Amino acid sequence: MMTEQPPSLTDTHHPTMPGRMADLKWLLDCPSLMTSPHCSTLSEWLPAYTPPSLPASLAPARLGLYAEQLLHHYLAHHPDIERLLHPLTLRYERRTLGELDFVLLRRDGLCLHIELAVKWYLYVPERQQQGLDAYVGPAQHDTLQRKWRHLLGKQLPVAHSPLATTLLKERGFPPINRSIAIVPGLLFYPSDENHSPRNIDDEINQHHRRGWWVAENDLDTLASQQQRYQVLSHAMWMAGASPGAEVLLDIEQLQKRCADLSRPVQIVCFSQVEQGWQEQSRGFIVPRLWRQRACAQAL
């Protein structure tokens, strides 16, 4: 009697893929938000493989930390990696000067430094003259400009500092050959403005994943009797969740669910196909004054 094999990371739409494994696949497959010699995908440096099952203790407390835990699990079991550090904290005379997310030594001797940044930003047209600052985080605590400049100006260069080289040598690692940034995520555009700015900034990957956003008081623009919606908890922002009819909302239910929001919520829009409900798009519903605040603040 044949037993069913567990889903592999090549099974893009495997119906039994556990949520954590689906999140890992999303992390590995998602295109970079940015285009730069410093940006890369893991597949450019390591061949794909199917890791062992993720531990049940791995849970999404803070999303950035959860993404790091997923990637650490994948790298820790990779057959082409000889040694791995995660993280490497750079301390000198009781002062913390920085931290490297991942340093790995391939079996062929190449030493690779990886910075991981999983991000979601909403495009605000009124800020378009500010370049990457026009892309604002849902909580309005940061912008794509701020994060990108921090990556390029500090997080990647510090790996090649004398302190980092010394600490790596103490741990049996050679100097780093290459530092890369892995920046998966989505950029969301206003639903009432064709989902896109007139010109995409040259530093943004033209093939990045896109979504839309709309204010809670403009939800009528989404009205469709054929579509259903699912509100995602913060922990589900990567791969989402398998749609069950009992958790899907029609437009009227969505409007009630999102009345008087205190913070933006991410939702999935589903359409019905022969096999059931299929994800069509991602979006954010924001409080009615979110856009006004984003325009007024110097983030």
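Read the figures in this text as sums done on the coordinates, not as results from a lab. Small disclaimer: the values here were computed from a predicted structure and weren't measured. Methodologically, a virtual Cβ is constructed for each residue, glycine included, from the backbone with ideal geometry; neighbour enumeration extends over all protein chains shown.
Each residue of segment 150-163 was assigned a 3J(HN,Hα) from its phi angle through the Karplus expression (A = 6.51, B = -1.76, C = 1.60, θ = phi - 60°), giving 5, 4, 6, x, 10, 5, 7, x, 5, 5, 9, 6, x, 4 Hz with x at Gly and Pro.
Ranked from highest to lowest mean number of other Cβ atoms within 10 Å per residue, what is the order of the peptides 49-58, 123-132?
Packing proxy ranking, top to bottom: 123-132, 49-58.
For the chain, the mean residue ellipticity at 222 nm estimated from helices alone is -5000 deg cm²/dmol, where every DSSP H run of n ≥ 4 contributes -39500 (n - 2.57) and the total is divided by all residues, rounded to the nearest 500. Could you tell me whether the chain comes out rounded, prolate or oblate from its Cα gyration tensor? Rule is a ≥ b ≥ c as square roots of the eigenvalues, rounded for a/c under 1.5, then prolate if a/b exceeds b/c, otherwise oblate. Oblate is the answer for the chain, as a/c is 1.5 or above yet b/c matches or exceeds a/b.
In terms of its C-alpha gyration tensor, segment 20-187 has an oblate overall shape, because the principal axis ratio a/c (a ≥ b ≥ c, square roots of the eigenvalues) is not below 1.5 and a/b does not outweigh b/c. Specify whether the C-alpha gyration tensor of segment 212-296 places it in the rounded, prolate or oblate class, a ≥ b ≥ c being the square roots of the eigenvalues: rounded for a/c under 1.5, otherwise prolate if a/b is larger than b/c and oblate if not. Judged from the Cα gyration tensor, segment 212-296 comes out prolate (a/c at least 1.5, a/b above b/c). Working note: Karplus 6.51/-1.76/1.60 with θ = phi - 60° gives segment 97-111 the couplings 9, x, 8, 9, 4, 9, 10, 10, 10, 6, 5, 8, x, 6, 10 Hz, where Gly and Pro are set to x.
Note on ASP80 and LEU261: with the Förster distance fixed at 45 Å, the Cβ-Cβ geometry gives a FRET efficiency of about 0.45. How about LYS169: which lysines have a C-alpha closer than 26 Å to its C-alpha, ignoring those fewer than 8 places off in the same chain? Cα-Cα hits under 26 Å: LYS154.
How much of the DSSP beta bridge set in segment 20-187 is antiparallel, as a percent to the nearest 5? Roughly 65 percent of the beta bridges in segment 20-187 run antiparallel, per DSSP. Rounded to the nearest 5, the antiparallel percentage of DSSP beta bridges internal to the chain is 65%.
The ASP201 and SER53 beta-carbon pair, evaluated with R₀ = 45 Å, returns a calculated FRET efficiency of approximately 0.65.
The separation of segment 196-250 from segment 113-155, counted between C-alpha centres, amounts to 19 Å. The residues ASP23, ASP133, when put in order of fewest to most other Cβ atoms within 10 Å, stand as ASP133, ASP23.
For segment 42-80 versus segment 266-299, the spacing of their alpha-carbon centroids is 28 Å. Ordering TYR121, TYR135 from the fewest to the most neighbouring beta carbons within 10 Å gives TYR121, TYR135. Between THR221 and CYS295, residue separation times 0.36 nm minus the direct Cα-Cα distance comes to 24.4 nm. Annotation: lysines with alpha-carbon distance below 25 angstrom to LYS147 (same-chain offsets under eight excluded): LYS25, LYS119.
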